[in-house]
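The values are calculated or read from the model by the stated rules, or taken from the named source; none is laboratory data. On a predicted model such as this, the values are computed, not experimentally measured, just so you know. Methodologically, a virtual Cβ is constructed for each residue, glycine included, from the backbone with ideal geometry; neighbour enumeration extends over all protein chains shown. For the accessible areas, the whole protein counts, side chains as well, though only heavy atoms, and no ligand, DNA or RNA atoms are used. Shrake-Rupley method; radii C 1.70, N 1.55, O 1.52, S 1.80 Å.
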Amino acid sequence: MAAPIQRMSRLLLKTLRDDPADAETLSHKLLVRAGYVRRSSAGVWTWLPLGKKVLDNVARVVREEMDAIGGQEVLLPALLPKEPYETSGRYDEYGDLLFRLTDRRGGAYLLGPTHEEIFTQLVKDQCASYKDLPVILYQIQTKYRDEARPRSGVLRGREFQMKDAYSFDVDDEGLAASYRLHREAYVRIFQRLGLDFRVVSAVSGAMGGSASEEFLAPAAAGEDTFVDCPACDYAANTEAVTTVVPPRDDAAHPPLEELDTPGTPTIETLAAHLGVPASATLKNLLVKVDGEIVAVGVPGDREVDLGKLAEHLAPATVELVTAEDFTGRPDLVRGYVGPQGRAGTAFRYLADPRVAPGTAWITGANAEGRHARNVVCGRDFTVDRYLDTVVVEPGDPCPRCGAGLTVGRAIEIGHIFRLGRRYADVFALDVLGRDGKPVRVTMGSYGIGISRAVAALAEQTADESGLCWPREIAPADVHIVAAGKPSATAPQTVLALDLAERLHGAGLRVLVDDRAGVSPGVKFTDAELIGVPTIVVAGRRAAEGVVELRDRRSGRREEIPAEEVAARLTRG
Ligand code: ATP
Ligand code: MG
């Protein structure tokens, strides 16, 4: 049976004309203004009736596709004991991201950020033999992460809805098959949701494990950046892009020469003083890796991506040096650091692959106001470790085909991991194998941000007038507006309510604006803001039984007899 008719005269809905003061992203502004969500506290949201419908629609699509690959839905607690997360090491690794709490007896708990540990224990308890595997379990559940900057509405909540799934297999081929099933299901899910998305390779971060892919929805509000190759199918999170090492430059370089360069502690001042491009200089950024000062060398025209650096060096912590770090270190001359000579042995030297053996640079001479030129990698200094650390820029070569990459912003809507045996090892998750001997289970984990997907869809589909949902996700199939005198007996009201009954009878999900004392103009504005894909206006020609059909996306309008609306909308 179709959901009951939603009458706006009774709906818990208060639309707002103005953007909330703290809102920065389009989806945040529109979801609040259209009455879908309401802020409770920082990063914590109430879903109002229209919003709850959209959220449920996303969850339904996810559920259907998860069930279709044999996933079994469960619901685990969000309130979890600390011990399993201590066993895995994540109680500490998560740091400030974890909500920790204590019960009345002093027992330590946390609010689940994701549930690898708990699912591993569940399967250990329930599955004893290879015959019980493979198994795919999933839940759609509230997750908690004490995010540092929960500023973008439901895009990044501290409490949010996630679908998390876990696969358990006895061997690598099994895991590969489970991973493939999820990848394909995710493609179907995001297609059905009407999202524009890319599948990119990613770094796995705190989750561990060997390989992972992210599903990214391109949008200006996104906090992830990704590269896309226009010539081949390569796409990656910028944090996962590998640099193509330029061919070795074997030109015989003149000997190293030191120069007086007073007042040139930055790349800009140095390049201007010498009249050379920034790319001819070597930038040496000092960072502390677990407290030890380390230099990172990159071409002077490139920026170090600290996130990428931290990913490479994890679990070590990476911090920028501060003025205090230079006290008692005469070998470190701020603004004039170079990797060559004796100073170069004062710190470990990490470098971008572009700082290849045989390349020559202008760099600090480890003395105030002095630089050196013709400083050749391999001749005058050595690199302890090469790392991909620079911010990827548009036009950088594709690691697969060499064409110039494009760089865009996107929202991470899903993430799939081949975890392997990391958690199975920690919890000794074995089952009895075919040969009667125990085998260690191998796992995958697969997340989708349900609440985030709502915001991502809003970002991608909204226009100046408001939200604009694809039909499968919209809070209703049709939004009927009674646009006449605000009285119960006005022909517009009578026709609108009659049509609402008829469309409801035809199995359509109906929202009808039957509010008294609200002008047609305000109703139209609200209808555009709310974003149901089809708007039907009972207006000027209501007495003749003629309504106006408006397509929310294209703005196309057409007058048709009210009797024909049902057929139009059920034809799809
Ligand atoms: P991010 O990098 O955006 O913080 P993550 O990589 O930490 O996300 P995962 O641990 O991979 O996230 O979680 C699975 C999915 O849950 C993500 O792909 C995303 O869609 C969603 N998600 C993660 N954190 C949040 C959040 N704070 N609010 C809403 N959705 C989130
Ligand atoms: Mg992720």
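Going through (1) assigned by TED's automatic domain parsing to the domain that holds LEU195; (2) of a type in the set (Gly, Ala, Ser); (3) surrounded by 21 or more Cβ atoms within 10 Å (Cβ to Cβ) one by one, GLY436 falls short only on (3). Tell me whether segment 168-175 contains one or more residues that are in contact with a Lys or Arg (Cβ under 8 Å, 6 or more places away or on another chain) and not charged (D, E, K, R). Yes, because at least one residue in segment 168-175 is in contact with a Lys or Arg (Cβ under 8 Å, 6 or more places away or on another chain) and not charged (D, E, K, R).
Looking only at segment 138-152, residues that are within 10 Å of ligand 1 (Cβ to nearest atom) and either at pLDDT 95 or above or in contact with a Gly (Cβ under 6 Å, 6 or more places away or on another chain) (or both) come to 6 in all. Exactly one residue out of GLY291, GLY358, GLY275, GLY338 is in contact (Cβ under 8 Å) with a residue 40 or more places away in the chain and on the phi > 0 side of the Ramachandran plot, and it is GLY358.
For (1) within 37 Å of the chain's Cα centre (by Cα); (2) not hydrophobic (A, V, I, L, M, F, W, C); (3) not in a strand (DSSP E or B), each residue gets a yes or a no:
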site	(1), (2), (3)
GLU324	yes, yes, yes
PRO330	no, yes, yes
TYR336	no, yes, yes
LEU350	yes, no, no
PRO353	yes, yes, yes
ALA356	yes, no, yes
ILE362	no, no, no
ASN366	no, yes, yes
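Looking at ARG354, ARG329, ARG348, just one residue is open to solvent by 60 Å² or more (accessible area, probe 1.4 Å) and in contact with a strand residue (DSSP E or B) (Cβ under 6 Å, 6 or more places away or on another chain), and that residue is ARG348. Taken together, the criteria exclude PHE119 from residues that are of a type in the set (Phe, Trp, Tyr) and under 16 Å from the mean Cα position of the chain (by Cα). Assess whether ASP164 counts as being in the same structural domain as GLY414 (by TED's automatic domain parsing), at pLDDT 95 or above, assigned to a loop (DSSP other than H, G, I, E, B) and touching a strand residue (DSSP E or B) at 6+ places or on another chain (Cβ under 6 Å). Against the criterion (in the same structural domain as GLY414 (by TED's automatic domain parsing), at pLDDT 95 or above, assigned to a loop (DSSP other than H, G, I, E, B) and touching a strand residue (DSSP E or B) at 6+ places or on another chain (Cβ under 6 Å)), ASP164 does not qualify.
In segment 443-451, the count of residues that are away from ligand 2 (no atom under 16 Å from the Cβ) and modelled with pLDDT of 95 or more is one or more.
Would you say ALA527 is over 30 Å from the mean Cα position of the chain (by Cα) and either in a strand (DSSP E or B) or not assigned by TED's automatic domain parsing to the domain that holds VAL54 (or both)? Break it down into steps so the answer makes sense when it comes.
On the way: over 30 Å from the mean Cα position of the chain (by Cα): no; either in a strand (DSSP E or B) or not assigned by TED's automatic domain parsing to the domain that holds VAL54 (or both): yes.
Spelling it out, it is not the case that ALA527 is over 30 Å from the mean Cα position of the chain (by Cα) and either in a strand (DSSP E or B) or not assigned by TED's automatic domain parsing to the domain that holds VAL54 (or both).
Residues in segment 395-408 that are crowded, with 16+ Cβ neighbours inside 10 Å and part of a strand (DSSP E or B) were compared, and the one that is farthest from ligand 2 (Cβ to nearest atom) is VAL407. I'd like the full set of residues that are within 18 Å of ASP425 (Cα to Cα), open to solvent by 40 Å² or more (accessible area, probe 1.4 Å) and part of a helix (DSSP H, G or I), limited to segment 171-185. ASP172, the sole residue that qualifies.
Within segment 285-301, the set of residues being closer than 19 Å to ALA360 by Cα and surrounded by 20 or more Cβ atoms within 10 Å (Cβ to Cβ) comprises ALA295, VAL296, GLY297, VAL298, PRO299, GLY300. Quick check on my filter: what residues within segment 363-373 are touching a residue at least 60 places away in the same chain (Cβ under 8 Å), within 26 Å of LYS288 (Cβ to Cβ) and crowded, with 19+ Cβ neighbours inside 10 Å? Result: THR363, GLY364, ALA365, HIS371, ALA372.
Quick check, is ASP92 of a type outside the set (Lys, Arg) and closer than 24 Å to ALA68 by Cα?
Details: of a type outside the set (Lys, Arg): yes; closer than 24 Å to ALA68 by Cα: no.
Spelling it out, it is not the case that ASP92 is of a type outside the set (Lys, Arg) and closer than 24 Å to ALA68 by Cα.
Being farther than 30 Å from ASP477 by Cβ and part of a helix (DSSP H, G or I) is a property that GLU117 has. If we scan segment 193-207, do we find a residue that is out of contact with any Asp or Glu (no Cβ under 6 Å at 6 or more places or on another chain) and assigned to a strand (DSSP E or B)? Yes - at least one qualifying residue is present in segment 193-207.
Out of the residues in segment 50-91 meeting the condition of being of a type in the set (S, T, N, Q) and within 29 Å of GLY107 (Cα to Cα), tell me which one is most open to solvent (accessible area, probe 1.4 Å).
First pass over segment 50-91, keeping only residues of a type in the set (S, T, N, Q): 57, 72, 87-88.
Narrowing further to those that are within 29 Å of GLY107 (Cα to Cα): 87-88.
Working: THR87: 78, SER88: 12 Å².
Among residues in segment 50-91 that are of a type in the set (S, T, N, Q) and within 29 Å of GLY107 (Cα to Cα), the one most open to solvent (accessible area, probe 1.4 Å) is THR87.
Considered as a group, the residues in segment 1-49 that are over 25 Å from THR493 (Cβ atoms), among the small types (Gly, Ala, Ser) and open to solvent by less than 30 Å² (accessible area, probe 1.4 Å) include one that is nearest to ligand 1 (Cβ to nearest atom), and that residue is GLY43. Assess whether GLU116 counts as being away from ligand 2 (no atom under 16 Å from the Cβ) and within 24 Å of VAL431 (Cβ to Cβ). It is false that GLU116 is away from ligand 2 (no atom under 16 Å from the Cβ) and within 24 Å of VAL431 (Cβ to Cβ).
Selection of first residues in segment 77-100 that are touching a residue at least 60 places away in the same chain (Cβ under 8 Å) and of second residues that are among the aliphatic types (A, V, I, L, M) and open to solvent by 50 Å² or more (accessible area, probe 1.4 Å), restricted to Cβ pairs under 6 Å at least 6 apart or on distinct chains, gives the following pairs, ordered by first then second residue: THR87/VAL426; SER88/VAL426; GLU93/ALA206.
Checked against (1) open to solvent by 30 Å² or more (accessible area, probe 1.4 Å); (2) within 16 Å of ligand 1 (Cβ to nearest atom); (3) assigned to a loop (DSSP other than H, G, I, E, B), THR225 passes all but a single condition, namely (3).
When restricted to residues that are open to solvent by less than 10 Å² (accessible area, probe 1.4 Å) and either farther than 21 Å from LEU529 by Cα or free of Cβ contacts under 8 Å to residues at least 60 places away in the same chain (or both), segment 491-508 contains 3. Only a single criterion out of (1) modelled with pLDDT under 95; (2) more than 16 Å from ligand 2 (Cβ to nearest atom); (3) open to solvent by less than 30 Å² (accessible area, probe 1.4 Å) is not satisfied by SER204, namely (2).
Listed conditions (1) buried (at least 21 other Cβ atoms within 10 Å of the Cβ); (2) at pLDDT below 95; (3) assigned to a loop (DSSP other than H, G, I, E, B) are all met by SER212, apart from (3).
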